Amino acid sequence: MSNPIDLVFAALADPTRREILTMLLEDDMAVTDVAEPFEMSLAAISKHLHILTRAGLIAQEKRGRVKWCKLQMSAMKDASIWMESFGQFESVNLDAFEQFLENQTIQSK
């Protein structure tokens, strides 16, 4: 699966990854802080972060000894533009998408 849009949709298909994106809407986070609310190992969270990074939805950078995650909305925008090409979808309202992600987080708790 090397098509960037395929990678975005595959990454968004998982509820854990959507919740991670919701968390990153507020601010950059250290990997350990991303992992904290989940009942899974740091290695499992790292795999989710790798998928999100590969899809271009987040960027990871080392600051000192800590790895940080930052949301990258450009990949989401490309997927939105692709959906618009069908004429059945309006452009993604990022505020509405943020609200959707927050609702998903609330429902999953």
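Condition test on L57, is it under 12 Å from L71 (Cα atoms), touching a Cys at 6+ places or on another chain (Cβ under 9 Å) and not basic (K, R)? So L57 fails the test.
Regarding region 65-82, can at least one residue be identified that is at pLDDT below 80 and closer than 17 Å to E19 by Cβ? Within region 65-82, not a single residue is at pLDDT below 80 and closer than 17 Å to E19 by Cβ.
Would you mind finding the one in T22, T32 that is hydroxyl-bearing (S, T, Y), loosely packed, with under 15 Cβ neighbours inside 10 Å and either under 14 Å from the mean Cα position of the chain (by Cα) or under 19 Å from Q60 (Cα atoms) (or both)? Quick ask: steps written out before the conclusion?
Working: T22 fails: loosely packed, with under 15 Cβ neighbours inside 10 Å.
Unique residue meeting the criteria: T32.
Filter region 1-11 down to residues that are aliphatic (A, V, I, L, M) and surrounded by fewer than 19 Cβ atoms within 10 Å (Cβ to Cβ) and give me whichever is farthest from L57 (Cα to Cα). Once the filter is applied, the top-ranked residue is M1.
The values are calculated or read from the model by the stated rules, or taken from the named source; none is laboratory data. This is a predicted model, so every value here is computed, not measured. A quick note on method: Cβ atoms are made from the backbone with ideal geometry, for glycine too, and the neighbour counts reach across all protein chains shown.
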